[in-house]
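Take a look at the structure below.
Bear in mind these aren't lab numbers, they're just calculated from the coordinates by the rules spelled out. Bear in mind that the values here come from a model prediction, so they are computed numbers and not experimental data. In this analysis, Cβ positions are derived from the backbone assuming ideal geometry, glycine residues included, and neighbour counts consider all displayed protein chains.
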Amino acid sequence: MNDAPVEIVVRAENVERVYGSGENSVYALRGVSFEAPGGAFIALKGRSGSGKTTLINCIGGLDKPTSGKVYLFGQPINDYDEAQMTELRRHKIGFVFQSFSLVPTFTAFENVELSLRLAGAPAKERARRAQECLDLVGVGKWARHMPFELSGGQQQRVAIARALANSPRLILADEPTGELDSHTARQVLGLLRDLSHQQNVTVIMATHDPLSLEYADQVFELKDGKLDAVHVRQSA
């Protein structure tokens with residue numbers, strides 16, 4: 001029996017994010033607290049304006065909480081400067097976006113290799129790892145195709161491969177199924193769930209997709225910037 005403690009990859013403590021001041025203040029987050037263990041697939045679910053994307057941005061260092069703290073891998077990141085956050089994002093965090101955000105003039109292979117190039121990986125390692133990640137997400141045979149030659153689902157798989165390239169411990173996905181039909185959305189959600197469990201990568205996904213309840217290990221529902229409910233998926 002393995003009694004090793006579960007690593008908490010992300011911890012948010014009473015996170016608030018306020019835009020503006022005085023009568024013009026807008027509360028995007030109101031005292032949100034939650035934990036994400038290693039290898040878990042977690043969904044932050046809510047309507048537009050519920051605060052889920054703001055929370056994703058605070059976790060990834062793209063925004064800073066007005067109050068409260070965010071811990072990544074046990075370290076508080078509130079006071080990290082941009083150089084420290086850039087280093088963290090290049091080596092420990094992968095991002096997946098709703099609009100895929102692939103470089104249109106690069107092939108699928110080149111899009112994945114780019115993140116490795118930015119991280120300073122040697123050429124031979126870049127080539128090996130880029131192809132390995134494309135194979136892992138099921139689009140290896142389309143490595144030399146341009147984004148416009150791929151379906152929406154294939155483009156999102158390439159985006160996920162790019163997020164995996166630097167072997168991150170955390171992937172942050174913002175509405176990754178937002179531009180996909182329900183059949184393709186199921187495929188992408190299943191892929192993210194399998195990758196989180198098999199590769200021991202924590203995946204935190206902001207979504208309004210009701211299908212997330214079927215795939216995520218835990219679903220944190222946000223409403224008006226507050227944590228409103230928590231759902232735990234029952235194992236089959």
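Can you tell me the order of 217-224, 145-152, 168-175 when each peptide is scored by its average per-residue count of other Cβ atoms within 10 angstrom, highest first?
168-175, 217-224, 145-152
Which residues in the stretch 109-131 place their backbone N less than 19 Å from a point set 7 Å from the Cα of residue 87 along the Cα-to-Cβ direction?
116-122
Going toward the positive end of the dipole of the chain, with +1 on Lys and Arg Cβ and -1 on Asp and Glu Cβ, which of 32, 84, 105 do you reach last?
105
Here are some pairs, 64/124; 52/141; 52/92; 92/223; which of them have Cα atoms lying more than 26 Å apart in this structure? Don't jump to the answer; show the numbers that get you there.
Details: 64/124 37 Å; 52/141 35 Å; 52/92 21 Å; 92/223 29 Å.
Beyond 26 Å: 64/124; 52/141; 92/223.
Once amide H atoms are built 1.01 Å from N in the peptide plane, which residues 5 or more positions from residue 96, or in another chain, come under 5 Å H to H?
Amide H neighbours of residue 96: 172, 173, 174.
With charges set only on the Cβ (+1 for Lys and Arg, -1 for Asp and Glu), what does the dipole of the chain come to about its Cα centre, in debye to the nearest 20? Walk me through the intermediate numbers first.
On the way: 26 positive and 28 negative charges, 88 e Å.
For the chain, the charge dipole is close to 420 debye.
Answer with one residue from 190, 155, 170: the one whose Cα lies farthest towards the positive end of the charge dipole of the stretch 152-204, charges on Cβ with Lys, Arg +1 and Asp, Glu -1.
170
Provide the per-residue ³J(HN,Hα) series for the stretch 83-96, in order, calculated from phi with Karplus coefficients 6.51, -1.76, 1.60 and θ = phi - 60°, each as a whole number of Hz, with x at glycine and proline positions.
Along the stretch 83-96, the couplings run 5, 5, 5, 4, 4, 5, 5, 6, 10, 10, 10, x, 10, 10 Hz.
Could you let me know the centre-to-centre spacing of the stretch 164-236 and the stretch 94-117, using Cα atoms, in angstrom?
20
Can you tell which of 119, 62, 225 lies farthest toward the positive end of the dipole of the chain, using +1 and -1 charges on the Cβ of basic and acidic side chains (Lys, Arg; Asp, Glu)?
Selected residue: 119.
Can you work out ³J(HN,Hα) from phi for every residue in the stretch 194-205, in order, using Karplus 6.51 cos²θ - 1.76 cosθ + 1.60 and θ = phi - 60°, giving whole Hz and x for Gly and Pro?
5, 5, 4, 6, 7, 9, 6, 10, 6, 10, 10, 10
To the nearest 20 debye, what is the magnitude of the charge dipole of the stretch 104-236 about its Cα centre, counting +1 on the Cβ of each Lys and Arg and -1 on the Cβ of each Asp and Glu?
580
Could you sort the peptides 17-30, 36-49 by per-residue average Cβ neighbour count (10 Å cutoff), highest mean leading?
Descending mean neighbour count gives 36-49, 17-30.
Can you say what percent of the DSSP beta bridges in the stretch 117-236, counting only those with both residues inside, are antiparallel? Round to 5. All intermediate terms of the calculation are to be shown ahead of the outcome.
Numbers: 6 of 11 bridges.
Rounded to the nearest five, the antiparallel share is 55 percent.
If the chain between residue 228 and residue 145 were fully stretched, how many nm would it gain, using 0.36 nm times the residue separation less the Cα-Cα distance?
Values: separation 83, 0.36 × 83 = 29.88 nm, distance 4.31 nm.
Contour length minus the Cα-Cα distance gives 25.6 nm.
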